[in-house]
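Derivation of every value follows stated rules applied to the coordinates shown; laboratory data play no part. What you see is a predicted model; the values in this text were computed from it and never measured. Cβ coordinates were reconstructed from backbone atoms using ideal geometry, including for glycine residues, and neighbour counts include every protein chain displayed.
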Amino acid sequence: MRRGRNERGTALIELTWLSILLLVPLLYLLLAVFEVQRAAYGVSAATRAAARAYSLAPSQAVAGARAREAAAVALADQGLGLSEGSLQVRCVPTPHDCLAPGSVIDARMVVPVRLPLVPDALGANTPSIRVEAEHEVPYGPYREERP
């Protein structure tokens with residue numbers, strides 16, 4: 001009679017490999033979700049701060065610079081940087097006079113978030129997720145018009 005193969009201890013090996021195969025993608029997915037959530041929170045805070053800083057500026061000439069500085073500080077709190085052209089501030093109903101009574105200041109930001117642990121060797125076409133936010137601040141009709 002032939003003796004059957006001894007399979008003692010193989011359950012531990014199977015469990016180890018199975019947990020590695022399932023946990024590594026799950027951990028990567030969690031890292032990616034946390035990275036996108038961090039960026040979404042930062043972009044939302046940056047647009048809110050930029051629109052508010054724009055509305056509180058003493059003149060139209062310094063309002064844009066103050067909005068960019070406020071957005072940069074809000075993004076830096078989340079470990080992100082403000083890239084050129086990612087923040088756009090526009091006004092309704094008159095696009096060139098945001099600090100006129102009755103206008104609405106609209107700050108909009110679009111930021112691509114790179115996926116974590118992707119090497120730089122892939123070049124400029126690394127996979128990313130687009131995060132955007134928009135915030136409006138009304139400049140009240142009974143406020144003083146600023147130059």
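Of the residues D106, D120, D77, the one that moves most in a GNM of the chain with alpha-carbon contacts below 10 Å is D120. Along the axis of the charge dipole computed for the chain (Cβ charges of +1 for Lys and Arg, -1 for Asp and Glu, origin at the Cα centre), the listed residues T47, V92, L26 are led at the positive end by L26. The charge dipole of segment 54-139, taken about the Cα centre with unit charges on the Cβ atoms of Lys, Arg (+1) and Asp, Glu (-1), comes to about 80 debye, rounded to the nearest 20. Neighbours of R114, meaning other residues whose beta-carbon lies under 10 angstrom from its beta-carbon, give a summed charge of -2 when Lys and Arg score +1 and Asp and Glu score -1.
Simple point charges give the picture: +1 on the Cβ of Lys and Arg, -1 on the Cβ of Asp and Glu, and for the chain a dipole about the Cα centre of about 760 debye. Taking every C-alpha pair closer than 8 Å and separated by at least 6 residues, the mean separation divided by the residue count of the chain gives a relative contact order of 26 percent. Here the sum of -39500 (n - 2.57) over DSSP H runs of 4 or more residues, divided by the residues of the chain, equals -16000 deg cm²/dmol at 222 nm, to the nearest 500.
With springs only between Cα atoms under 10 Å apart, run a GNM on the chain and tell me which of A11, A53, A107 wobbles the most. Residue with maximal mean-square fluctuation among A11, A53, A107: A11. Normalised by 2.2 N^0.38 Å, with N the number of residues, the alpha-carbon radius of gyration of the chain equals 1.73.
Check each of the GluC sites (Glu not before Pro) in segment 76-147 and keep only those in coil by DSSP with at most 11 other C-beta atoms within 10 angstrom; list them in order.
Sites meeting the loop and neighbour criteria: E84, E144, E145.
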